[in-house]
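Every read-out reported here was derived from the displayed coordinates using simple, explicitly stated rules and does not represent laboratory data. Treat the numbers as computed from the prediction; the structure is a model and nothing was measured. Note that we place each Cβ from the backbone using ideal geometry, even for glycine, and neighbour counts take in every protein chain shown.
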Amino acid sequence: MEKKNEILDLSIRFSLDIIKYTESLESRRKFVIANQLMKSGTSIGANIFEAQSAESRADFIHKLKIADKEAKETEYWLLLCEKF
């Protein structure tokens, strides 16, 4: 039986939500914000996914720190979206 990885599952669901939201931004011609949000928002999950194959504990931590930075950037773009 495969062990459930909740953080990975959540990051994938978040990425899918980001993709849907950026499509709505693009339909409103907010292309620059949509592009930035798509990059940072989906990068979170990509880094968490990559961390699952880390070569060491330090590598694992490093990849999760990158995911955290991408999450902070995503928070910024979502804040801008909220304000316009």
Note to self: Just to confirm the number: angle between the C-alpha axis of helix 6-27 and the first principal axis of the chain, 0 to 90 degrees, nearest 10?
What the structure shows: 20 degrees
Check: Can you give the helix-only mean residue ellipticity at 222 nm for the chain, where every DSSP H stretch with n ≥ 4 adds -39500 (n - 2.57) and the sum goes over all residues, rounded to the nearest 500 deg cm²/dmol?
Finding: -29500 deg cm²/dmol
Checklist line | Loop-located chymotrypsin sites (Phe, Trp or Tyr not before Pro) in region 1-39 whose Cβ has at most 15 other Cβ within 10 Å (DSSP) | finding: none
Next item on the list: Give me the aspartates and glutamates in straight-line cross-link reach of LYS30: C-alpha distance below 14 Å, same-chain residues under 8 apart excluded.
Entry: GLU82
Next item on the list: Please sort by residue number the GluC sites (Glu not before Pro) in the chain whose DSSP state is loop and whose Cβ has at most 14 other Cβ atoms within 10 Å.
Entry: GLU2, GLU55
Check: So which lysines pass the test for LYS4, namely a Cα distance under 22 Å, with those fewer than 8 places away in the same chain ruled out?
Finding: LYS63, LYS65
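Give, in nm to one decimal, the length gained when the segment between ALA58 and LEU10 is fully stretched (0.36 nm per residue of separation minus the Cα-Cα distance).
Contour length minus the Cα-Cα distance gives 15.0 nm.
Given a cut-off of under 8 Å on Cα pairs at least six residues apart, what relative contact order in percent is computed for the chain? Please list the in-between numbers first.
Numbers: 68 pairs, mean separation 23.6, N = 84.
Relative contact order comes out at 28 percent.
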Checklist line | Prolate/oblate/rounded label for region 6-83 (Cα gyration tensor, a/c 1.5) | finding: prolate
Notebook entry, point to check: For a label point 7 angstrom out from the Cα of LEU80 toward its Cβ, which stretches of region 1-32 have the backbone nitrogen within less than 18 Å?
Noted result: 18-32
Next item on the list: Taking the dipole about the Cα centre of the chain, with the C-beta of Lys and Arg at +1 and of Asp and Glu at -1, give me whichever of GLN36, SER11, LEU25 is farthest to the positive side.
Entry: LEU25
